[in-house]
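Engineer: Dropping the structure in here first, questions after.
Please treat every number below as a calculation from the coordinates, not as lab data. Just so it is clear, the model here is predicted, and its values are computed rather than measured. Cβ sites come from the backbone with ideal geometry, for glycine too, and all protein chains shown count toward neighbours.
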C-alpha cells in the first residue's frame, strides 16, 4: 500500500508542475499579445520551461521508483 501512496504523491507533483507550466506559458503569451515581451524571447523561455517540466517530471518519477525498490 505504501508504494501506491508514493506513486500518487509523484503523480500529484507532476500535475502541479503541469499546472504551473501551463500558467507560465499562458502568462507569457498574454505578455506577447500586449507587446510587453518579444516573440523570440517568448519562444526561448517557453522551450526552457517545457524542457524543465520534462526533466523535473522524470526526476520525480525516477526518484520515487528508486525509493520503492529500496523498500
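Engineer: Tell me, which residue of the stretch 57-71 that is within 14 Å of the chain's Cα centre (by Cα) and either more than 19 Å from residue 10 (Cβ to Cβ) or in contact (Cβ under 8 Å) with a residue 40 or more places away in the chain (or both) is surrounded by the fewest Cβ atoms within 10 Å (Cβ to Cβ)?
Structural biologist: 61
Engineer: Same structure, new question: Is it true that residue 5 is free of Cβ contacts under 8 Å to residues at least 12 places away in the same chain and exposed (fewer than 11 other Cβ atoms within 10 Å of the Cβ)?
Structural biologist: Yes: the conditions hold for residue 5.
Engineer: Being touching a helix residue (DSSP H, G or I) at 6+ places or on another chain (Cβ under 9 Å) and not in a helix (DSSP H, G or I) is the filter; apply it to the stretch 11-50 and report the residue that is surrounded by the fewest Cβ atoms within 10 Å (Cβ to Cβ).
Structural biologist: In this case the residue turns out to be 36.
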